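The values are calculated or read from the model by the stated rules, or taken from the named source; none is laboratory data. All values reported here derive from a predicted model rather than from experimental measurement. Positions of Cβ are backbone-derived with ideal geometry, glycine not excepted, and every protein chain shown enters the neighbour counts. Side chains included, ligands, DNA and RNA excluded: accessible areas come from the protein's heavy atoms. Shrake-Rupley method; radii C 1.70, N 1.55, O 1.52, S 1.80 Å.
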Amino acid sequence: MKKGILVVSFGTSHLDTMEKTIDVIEQDIAQKFPECRVYRAFTSRMIIRKLKRTENMEVDTVEEAVKRMASDGIEDVVVQPTHIINGIENDRMMEDLMENMSCFQRIRVGKPLLSSVDDYKKSIHAVMAETELADDEMLVLMGHGTDHHANSAYPTLEYTFHALGYNQVLVGTVESFPELKNVMAKLEIAGKKKAALMPFMLVAGDHAKNDMAGEEDSWKSQLEDEGYEVRVIMKGLGEFEGIRRIFLEHIEETME
């Protein structure tokens, strides 16, 4: 049977971060599983349209990628999302896959980044292995956040950081709970006046550049207004070797 791996990402229109994250993840997968042909799909139709308009770059939706694989004669498929949580984007991906299962003899789906207790621990160690903090500095991570019940992943993540001994790490989200005000309340309790800001997202794209580190009304500007000394670590999770390894492990688990 001809084998293929479909790598599904939310996507980004920022090519600089795409090259360092999504591209590298796909290259790692191709290298690790040479018997499989690797395909790409994005779940954000808005990003797909924008890339076509601004970069003349074609990216498939999940449905289009599945049909492309079928027409290429792929019969055995593993789908690996690069989503951080089991949220809305992952649900949509699953719906698209369910509708097209009959295209293949076998289709298996890997898990998003934060799916088991082990995943949380490995993700945390992967981030901290490549992140240096001063003694008087707090690391503030910006997650995306969602109104899906999977948003509980973010408070769980912060709790797990602390349980593993990384007490100088706080987690907030752009679009849900915990909010920046919750993070700032904890920063005040910690009594440290230095903060390092980093996205807890696959790519360091729009949210990281604007909502987190922008000049106006960003997390950076609001923290500076409160007297914090802020530095920005503009690095998406896809740039961390340990994070990419978790996605490879999820593919291996699925294949077993």
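In square angstrom, what is the accessible area per residue of the chain with a 1.4 angstrom probe?
48 Å²
Strictly greater than 14 Å: what percent of every Cα pair in the stretch 139-184 meets that?
42 percent
Report the label-to-label distance for Met94 and Glu130 in nanometres (one decimal), using points 7 Å from each Cα along the Cα→Cβ vector.
2.9 nm
Round to a whole number: what % of the accessible area of the stretch 1-103 belongs to carbon and sulfur, probe 1.4 Å?
48 percent
What number, in percent, do you get for the relative contact order of the chain if the mean sequence gap of Cα pairs under 8 Å and at least 6 apart is divided by its residue count?
21 percent
Under 14 Å from the 7 Å Cα→Cβ point of Ala30, by amide nitrogen: which residues of the stretch 36-56?
Those under the cut-off are 36-41.
Quick query: amide H of Thr173 versus all other amide H atoms, modeled in the peptide plane; which residues come in under 5 Å with a sequence gap of 5 or more or a different chain?
So Thr173 has HN proximity to Gly143, Glu179, Leu180.
Return the ratio Rg/(2.2 N^0.38 Å) for the stretch 181-256, where Rg is computed over Cα atoms only.
1.40
Could I have the simple spin-label model distance between Glu226 and Glu241, label points 7 Å from Cα toward Cβ, reported in nm to one decimal?
It works out to 3.5 nm between the two label points.
Determine the dipole magnitude for the chain: charges of +1 sit on the beta-carbon of Lys and Arg, -1 on that of Asp and Glu, nothing else is charged, the reference point is the Cα centre, and the result goes in debye to the nearest 20.
Charge dipole, the chain, about its Cα centre: 460 debye, nearest 20.
Taking just the C-alpha trace of the stretch 21-65, give me its Rg and Dmax in Å.
In Å, with Rg to one decimal and Dmax whole: 12.0, 34.
Using the beta-carbon distance between Glu175 and Gln105 and R0 = 30 Å, what value does 1/(1 + (r/R0)^6) give for FRET efficiency, to the nearest 0.05?
0.15
Placing +1 at every Lys and Arg Cβ and -1 at every Asp and Glu Cβ, with all other atoms neutral, what dipole size does the stretch 55-193 have around its Cα centre, in debye to the nearest 20?
540 debye
Based on alpha-carbon positions alone, could you give the equivalent ellipsoid semi-axes of the stretch 116-256 from the gyration tensor, as √(5λ), descending, whole Å?
25, 16, 15
Normalized C-alpha radius of gyration of the chain, against 2.2 N^0.38 Å?
1.04
Label Ser152 and Arg53 with points 7 Å out from Cα along Cα→Cβ: what is the distance between them in nm?
3.8 nm
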